[in-house]
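The structure appears below as structure tokens.
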Amino acid sequence: MPETNYDQEMAFFVDMQRCIGCQACVMACAECETNGQESMIHVNYVDRKTSPQTTVQVCMHCEDPTCANVCPADAIHQDEFGVVHSANTSRCIGCSNCVLACPFGVPKKMEEAELMMKCNLCYDRTSVGKKPMCATVCPSQALFYGTRAEIEKMRPDSEPVNSFLFGQQEVNTKVNIMMPKGTNQLIIP
């Protein structure tokens, strides 16, 4: 494996309330040649008929990735930095187990290619000390890549949260969601 310059002090933060739905992140992600001009990030409306509020959907890079755990072909792997990579093209059998198992609904099966693809935290960039494409173009800083100290200074009334409770299952992630100060876990009934 080539030597990397991956800075483990850097982290990815998503502030859903700051998303303005501009799609700049989607366009920037699609321009990345490692994605085959497909965006690995998605912007969704919360409730389009009643609100213009949008949210950003990125891979959360779970500490114990369910997508990799349910892959019968061992096509999805997590590296030593905690980045969960898209399916290995030579191993993926297109079964969609990962799509169905992800509690965040992130992996997408690209039907034309019979392959699962998802955000890999712009590993081609972050492994050489650069920021992910989406975070570099977000005009509202709904997506931010930096240190925990930087985000705490920028958002003193918010708390980065990377622990989620889905019913009885606790999921811890590499990516942080900004929540009101004092929140330490997001509970999803």
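The values are calculated or read from the model by the stated rules, or taken from the named source; none is laboratory data. Note that this is a predicted model, so its numbers are computed, not measured. Here Cβ is always computed from backbone atoms with ideal geometry, including for glycine, and neighbour counts include all displayed protein chains. What goes into the accessible areas is simple: the full protein's heavy atoms, side chains included, and nothing from ligands, DNA or RNA. Shrake-Rupley method; radii C 1.70, N 1.55, O 1.52, S 1.80 Å.
Couple of notes before you dig in:
- Sequence-separation-based contact order of the chain, relative, with Cα cut under 8 Å and 6+ spacing, percent: 27 percent
- Each 5 Å bin from zero holds the following percent of Cα-Cα pairs in the chain: 1, 8, 15, 20, 22, 18, 10, 4, 1, 0.
- Here the Gaussian network model covers the chain, with springs between Cα atoms less than 10 Å apart; of T34, T173, T136, T34 fluctuates the most.
- Highest-MSF residue in the chain out of G146, G36, G94 [GNM, Cα springs under 10 Å]: G36
- Protection proxy ranking of 13-19, 76-82, by the mean of other Cβ atoms within 10 Å over each peptide's residues and highest first, is 13-19, 76-82.
- Ordering D74, D157, D124 by accessible surface, largest first, gives D157, D74, D124; the 1.4 Å probe counts only protein heavy atoms, with every chain in place.
- With all pairs of different C-alpha atoms in the average, the Kirkwood value for the hydrodynamic radius of the stretch 68-175 is 15.8 Å.
- Gaussian network model of the chain, springs between alpha carbon atoms under 10 Å - residue of P65, P132, P103 with greatest fluctuation: P103
- Portion, in percent, of the accessible area of the stretch 23-117 that falls on carbon or sulfur, probe 1.4 Å: 50 percent
- Within the stretch 1-160: Cβ-based charge dipole about Cα centre, in debye rounded to nearest 20 (Lys, Arg +1; Asp, Glu -1): 520 debye
- On the principal axes of its alpha-carbon atoms, the stretch 1-83 has extents of 47, 29, 28 Å, going from largest to smallest.
- Note on L186 and D74: their simple-model spin labels are 3.3 nm apart, each label 7 Å out from Cα toward Cβ.
- FRET efficiency, Q37 to D157 (Cβ-Cβ, R0 41 Å, nearest 0.05): 0.60
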